[in-house]
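Structure record follows, encoded as structure tokens.
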Ligand code: TYM
């Protein structure tokens, strides 16, 4: 059976090299394995305060990022989550099958809410994984390409599928998370023991960064004591992260990357990593501008919403029937 690929990215903050290496860059080749549903998780973006203009602009940017990364709209359905109402409808049903205890154990919720005042934590942030599970099961996804930080949410989706199917029969498809072998967790350049995320200007490489800035950030990335370019996450997290970035962009293994840099000094090593990142990002940025300037994303998103609406209604209907919601109009 062909795979059904599904993934989404939140249009919050500025997308990073972590998003690019962890997911974006490889989506195109994944679509060879079966029909793909790829979306802009704009409803998820509302779970933390965001300016409306920024959300709109980020959503356009993200559509262009997907296209610039090589996603072929003939092979993949690209759409805005909020334009497919079945996500929200299924969410109202599935929120009754995931429990407060398990939601409160989600690492991402714990991390994000820890930085907020209790009376400012929205219900949507807490219930985030319910909507994410709906995104996944709505299209009978079998494979969910994600970075490491999203695996726990996919695991929770698997729990939901088991729970729901045990009660109502074989309704939901069991998905599995798929991570890149190299690059599932790109770390911050300024503190390589934490993940590169959308909110750390010094340690992040943003996809729209000027290439001179990108080079500067890599050249000033934190390295480790010693002078050998070796992959050793424990003792050399900075060097290991740069090796990972290099290997992921060159599509080679960590061992091959290590072999390439035998005898290099840190400065020369960083320069070559910067060359590879700038070359890749340079081409990517050109394509991004092409899709943006010609507004090519609009037609793609319109067509995608139509197809996603058609497809998602099928599962929604099945679920409604299974739980006993009566349909008389149709
Ligand atoms: P988001 O927008 O935070 O991140 C998008 C994707 O990028 C991956 N990623 C990374 N990969 C490697 N290294 C990093 N430093 C790094 N940072 C982020 C993330 O793991 C993710 O795959 N909840 C999701 C969006 C979502 C979704 C879905 C994903 C909503 N519904 C259904 C899959 C299926 C999120 O916030 O990703």
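Rg then Dmax, both in Å and based on the Cα atoms of the stretch 274-330: 20.7, 62. Neighbour counts of C-beta atoms inside 10 Å place 211, 326, 62, 90 in the sequence 326, 211, 90, 62, starting with the fewest. The ranking of 132, 100, 116 by Cβ neighbour count inside 10 Å, starting from the fewest, reads 100, 116, 132.
Roughly what % antiparallel, to the nearest 5, for the DSSP beta bridges in the chain? Rounded to the nearest five, the antiparallel share is 20 percent.
Taking the Cα centre of each part, how many Å lie between the stretch 130-193 and the stretch 252-266? When both Cα centres are located, 32 Å separates them. From helices alone, the chain scores -15500 deg cm²/dmol at 222 nm; the rule is -39500 (n - 2.57) for each run of n ≥ 4 DSSP H residues, then divide by the residue total. Taking the number of Cβ atoms within 10 Å of each Cβ as an exposure proxy, the fewest-first ranking of 210, 232 is 210, 232.
Compute the helix-to-body angle for 297-323: its Cα long axis versus the longest principal axis of the chain, expressed 0 to 90° and rounded to tens. Rounded to the nearest ten degrees, it is 50. Seen against the Cα atoms of the chain and their longest principal axis, helix 151-168 is set at about 20 degrees. Normalising by residue count, the chain has a Cα convex hull of 150 Å³ per residue.
Considering only Cα atoms, the convex hull volume of the stretch 96-183 works out to 97 Å³ per residue. Remark on the stretch 13-166: hydrodynamic radius 16.5 angstrom, per the Kirkwood mean of 1/r across alpha carbon pairs.
On alpha-carbon atoms, Rg over Rh for the stretch 181-235 using Kirkwood Rh? Using Cα coordinates only, the ratio equals 0.97. Put simply, the convex hull of the Cα atoms in the stretch 217-330 casts, on average, a shadow of 12.8 nm².
Between 0 and 90 degrees, the angle of helix 237-250 with respect to the longest Cα principal axis of the chain falls at about 70 degrees. Label positions at residue 202 and residue 234, each projected 7 Å from the Cα along the C-beta direction, are separated by 2.8 nm. Principal axis extents of the Cα atoms in the stretch 189-283, from largest to smallest and rounded to whole angstrom, are 32, 26, 21. Remark: the stretch 155-205 is approximated by an ellipsoid whose semi-axes, taken from the C-alpha gyration tensor as √(5λ), come to 37, 11, 7 Å, largest first. Dividing the mean sequence gap of close Cα pairs (under 8 Å, 6+ apart) by how many residues the chain holds gives a relative contact order of 23 percent.
Every number in this text was worked out from the coordinates using simple rules, so none of it is lab data. This structure is a prediction, so every number in the text was calculated from the model and none was measured. All Cβ positions, even for glycine, are placed from backbone atoms using ideal geometry, and neighbour counts span all protein chains on display.
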